[in-house]
Amino acid sequence: MERRMKWDISEDRPIWIQLKEQIVKKIVAGVYVSGEKLPTVRDLAKEAGVNPNTMQRALAALDQEGLVITNRTIGRVVTQEKEIIAAHRREVATGIIENFYSDMKDLGFDKEEAIKLLVQYK
């Protein structure tokens, strides 16, 4: 994955939630690794094209979930708790699977047919 974050913001849900989800994906994918310092709120907000207060809200939510830790002297760092990162990784994967099955159902596939296509996919 690219080091620089590409932001995909839509109008259908609160922006801070979308920012939070995208930062989580980058963390669980290893773009930001355990123990690493995150860019500043202002830098992330500028990159995403959002208000710093909106980015602050997304990062505060990640603080509450324990995925990032705020250190007053150095800023925010990704947690070193591997179990927390692993739990978020499973949560992201589950969401992707749920969306996949929902989309496949909309196309008329049942679960077994969807799995068969997935296994055959190269």
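The values are calculated or read from the model by the stated rules, or taken from the named source; none is laboratory data. These figures come from a predicted structure and were not determined experimentally. Neighbour counts are summed over all protein chains in view; Cβ atoms, including those assigned to glycine, are modelled from backbone coordinates with ideal geometry. Protein only, heavy atoms only, side chains kept; ligands, DNA and RNA dropped before computing areas. Shrake-Rupley method; radii C 1.70, N 1.55, O 1.52, S 1.80 Å.
Within segment 2-23, can one find any residue that is open to solvent by less than 80 Å² (accessible area, probe 1.4 Å), over 23 Å from GLY95 (Cα atoms) and not acidic (Asp, Glu)? No, there is no match, as no residue in segment 2-23 is open to solvent by less than 80 Å² (accessible area, probe 1.4 Å), over 23 Å from GLY95 (Cα atoms) and not acidic (Asp, Glu).
Of all residues in segment 68-83, those satisfying the criterion of being open to solvent by less than 40 Å² (accessible area, probe 1.4 Å) and out of contact with any Ser or Thr (no Cβ under 6 Å at 6 or more places or on another chain) are VAL68, GLY75, VAL77, THR79. The residue that is farthest from the chain's Cα centre (by Cα), among those in segment 84-122 that are within 19 Å of ALA61 (Cβ to Cβ) and either open to solvent by 100 Å² or more (accessible area, probe 1.4 Å) or among the acidic types (Asp, Glu) (or both), is ARG90.
The set of residues in segment 84-122 being of a type in the set (Asp, Glu) and in a helix (DSSP H, G or I) consists of GLU91, GLU98, ASP103, ASP106, GLU112, GLU113.
Looking across segment 32-67, the residues that are open to solvent by 20 Å² or more (accessible area, probe 1.4 Å), aliphatic (A, V, I, L, M) and assigned to a loop (DSSP other than H, G, I, E, B) come down to VAL33, VAL50.
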